[in-house]
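Novice: The structure that follows is given in the form of structure tokens.
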Protein chains: 2
Amino acid sequence: MAYPELKLDNQICFRLYTASRLITQAYTPMLQELGITYPQYLVLMVLWEKSPQPVNDIAKKLVLETNTVTPLIQRMEKAGILTRKKGDSDKRQQIVGLTKKGIEMEEMAHSIIPGGMSESLSACPLQVNDYVRLAGELDSIIETLLRGHHGRPAH
Amino acid sequence: MAYPELKLDNQICFRLYTASRLITQAYTPMLQELGITYPQYLVLMVLWEKSPQPVNDIAKKLVLETNTVTPLIQRMEKAGILTRKKGDSDKRQQIVGLTKKGIEMEEMAHSIIPGGMSESLSACPLQVNDYVRLAGELDSIIETLLRGHHGRPAH
DNA sequence: GCCATTTATGTCGCTTGCGATATAAATTTT
DNA sequence: AAAATTTATATCGCAAGCGACATAAATGGC
């Protein structure tokens, strides 16, 4: 180990990457009952709060690029979960709205997911206050990286 | 909001997912100087600690499936960073070893990455002790999810 | 009004990540 | 030792995720 700074175990980044993947995997069997993936579930959470919404608003709330969200939404449209239509005032926009099926999935999600996730993490020694602090710290990291992001090399 | 339990902001999961992506994005310009991606960098960190190693050991250390690691390693082989050869004692194994180029990349990584990452996060209000606790909490989550994982539905 | 710029969305190509499945080699059972 | 099982690796197909780029519509400047 010439360079201990690079050691895998010392990296927050690797743990974030791994924890993120494992949590997504923990969601997967529950989401399969709904017939969706985790990123699709995120889109649904945004739309359950407000529907309809343009693609751009959804992408911003999820901190994703539209070229990620567009195909995702197209797959969900094909699955009958939501609909897309051109905006009235702004014809560039695609307005995304839940279908009856998409609306009804909220109740199913509620009956499956919170219980399932708390079961998955029940053996975890962290307490509620730990999770609260953790969420705040992750927000700090996210905000810092988003701020440092603003438009590439200033040209 | 019929079901506030599902609210996006309340979810640790979404923050992990977002923080992980943004940190990977912060690594990207530095890794591009080395001509690699973030998962490829993880493979290199494992090999810098010990080379050669079979595919399986690398996958286990990264908590990834071999069907993710195999193609990743094949791309790195094509890039001249590492080599693969059949195991002597166990002919099922593929033993992965760094090339001269792969070995030399450690020094380059050291000169670029720790400094770059600390700059990316310099505006973040978290202190060293916060990062240490954060790492431990992420480990708790990871361990919990790994334990609950052990081999699918017991059949 | 007209042109330059910005914005909203989309396509393309590439790398991950993973479930399902295949294959060969090693190990265990009987 | 022959058969059954396990293990190590790999291939395939699909969904993300994102950089690069394309297009159309809206906006701003003159």
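The values are calculated or read from the model by the stated rules, or taken from the named source; none is laboratory data. Quick caveat: nothing in here was measured; it's all calculated off a predicted structure. Using ideal geometry, Cβ is built from the backbone for each residue, glycine included, and neighbour counts are taken over all protein chains shown. Ligands, DNA and RNA are stripped out before the accessible areas are found, and what is left, the full protein with its side chains, is counted by its heavy atoms. Shrake-Rupley method; radii C 1.70, N 1.55, O 1.52, S 1.80 Å.
Novice: How big, in percent, is the set of alpha carbon pairs in the protein assembly as shown lying more than 32 Å apart? Present the calculation step by step, with values, prior to reporting the outcome.
Specialist: Numbers: 17536 of 47895 pairs.
When every Cα pair of the protein assembly as shown is considered, 37 percent fall beyond 32 Å.
Novice: First check a/c for region B:12-115, with a ≥ b ≥ c the square roots of the eigenvalues of its C-alpha gyration tensor; if it is under 1.5, answer rounded, and if not, answer prolate when a/b is larger than b/c or oblate otherwise. Please list the in-between numbers first.
Specialist: Numbers: a/c = 2.36, a/b = 1.38, b/c = 1.71.
The shape class here is oblate.
Novice: Taking the Cα centre of region B:36-155 as the origin and placing charges on Cβ (Lys, Arg +1; Asp, Glu -1), which of B:His149, B:Leu121, B:Asn56 is farthest toward the positive end of the dipole?
Specialist: Towards the positive end, the residue furthest out is B:Asn56.
Novice: Run the dipole for chain B about the Cα centre, Lys and Arg Cβ at +1, Asp and Glu Cβ at -1, nothing else charged, and hand back the magnitude in debye, nearest 20.
Specialist: Details: 18 positive and 17 negative charges, 148 e Å.
Dipole about the Cα centre, nearest 20: 720 debye.
Novice: Which value in deg cm²/dmol, rounded to the nearest 500, describes the helix-derived mean residue ellipticity at 222 nm for chain A, given -39,500 (n - 2.57) per DSSP H run of n ≥ 4 and division by the residue count? Show your work: numbers first, answer last.
Specialist: Values: 6 runs with 97 residues, N = 155.
Helix-only estimate at 222 nm: -21000 deg cm²/dmol.
Novice: Using the Cα centre of the protein assembly as shown as the reference point, and only Cβ charges (+1 on K/R, -1 on D/E), how large is the resulting charge dipole? Debye, rounded to the nearest 20.
Specialist: Details: 36 positive and 34 negative charges, 241 e Å.
With Lys and Arg at +1 and Asp and Glu at -1, about 1160 debye.
Novice: Could you sort A:Lys100, A:Lys78 by their accessible area in this structure, using a 1.4 Å probe and putting the largest first?
Specialist: The ranking, largest first, comes out as A:Lys78, A:Lys100.
Novice: Separate question: Nearest beta-carbon of A to the rotation axis carrying it onto B: which residue, how many whole Å?
Specialist: Axis relating chain A to chain B; nearest Cβ residue and distance: A:Ser20, 2.
Novice: With point charges of +1 on the Cβ of Lys and Arg and -1 on the Cβ of Asp and Glu, referenced to the Cα centre of region B:12-115, which listed residue (B:Ile112, B:Gly102, B:Ile12) lies farthest in the positive direction of the dipole?
Specialist: B:Ile12
Novice: Rounded to the nearest 20 Debye, what is the dipole magnitude of region B:75-154 about its Cα centre when Lys and Arg each give +1 and Asp and Glu each give -1 at the C-beta?
Specialist: On the way: 12 positive and 11 negative charges, 153 e Å.
Dipole about the Cα centre, nearest 20: 740 debye.
Novice: Same structure again: Using a Förster distance of 30 angstrom, determine the FRET efficiency expected from the C-beta separation of B:Gln74 and B:Ser140, and round it to 0.05. Please list the in-between numbers first.
Specialist: Working: r = 34 Å, r/R0 = 1.14.
That pair, B:Gln74 with B:Ser140, gives E of 0.30.
Novice: Find every distance from the label point of A:Leu146 to the corresponding label point in the other copies (7 Å from Cα along Cα→Cβ) and write them in nm, one decimal, shortest first.
Specialist: Label-point separations across copies, in nm and ascending: 3.1.
Novice: Further question: Sort shortest first the distances from A:Pro125 to its counterpart in every other copy, using label points 7 Å along the Cα-to-beta-carbon line, and give them in nm.
Specialist: Those separations, rounded to one decimal, come out as 2.8 nm.
Novice: May I ask for the accessible area buried between chains B and A, both sides summed, probe 1.4 Å, to the nearest 100 Å²?
Specialist: On the way: alone 11400 and 11420 Å², together 16790 Å².
Chain pair B/A: roughly 6000 Å² of buried accessible area.
Novice: With every protein chain present, what accessible area does B:Ser120 have (1.4 Å probe, heavy atoms only), rounded to the nearest 10 Å²?
Specialist: Rounded to the nearest 10, the figure is 40 Å².
Novice: Continuing with this model, one more query. Cross-link list B:Lys60/B:Lys85; A:Lys61/A:Lys86; A:Lys50/A:Lys91; A:Lys60/B:Lys101: which exceed 31 angstrom alpha carbon to alpha carbon? It would help to have the intermediate numbers written out before the result.
Specialist: Values: B:Lys60/B:Lys85 19 Å; A:Lys61/A:Lys86 20 Å; A:Lys50/A:Lys91 20 Å; A:Lys60/B:Lys101 40 Å.
From the list (B:Lys60/B:Lys85; A:Lys61/A:Lys86; A:Lys50/A:Lys91; A:Lys60/B:Lys101), the Cα-Cα distance tops 31 Å for A:Lys60/B:Lys101.
Novice: Turning to a different aspect of this structure: Considering only the label points, 7 Å along Cα→Cβ from Cα, what distances in nm to one decimal separate A:Ser89 from the same position in each other copy, shortest first?
Specialist: Distances to the matching label points in the other copies: 7.1 nm.
Novice: Could you sort B:Ile58, A:Ile12 by their accessible area in this structure, using a 1.4 Å probe and putting the largest first?
Specialist: Values: B:Ile58 0, A:Ile12 30 Å².
From most exposed to least exposed: A:Ile12, B:Ile58.
Novice: Further, regarding this structure: In nm, give the distance between the simple-model label positions of A:Leu126 and B:Val128, each being 7 Å from the Cα along the Cα-to-Cβ direction.
Specialist: Going by the 7 Å Cα→Cβ label model, 2.4 nm.
Novice: Report relative contact order for chain B in percent, whole number only (criteria: Cα-Cα under 8 Å, sequence separation at least 6).
Specialist: Details: 100 pairs, mean separation 29.6, N = 155.
The normalised contact order for chain B reaches 19 percent.
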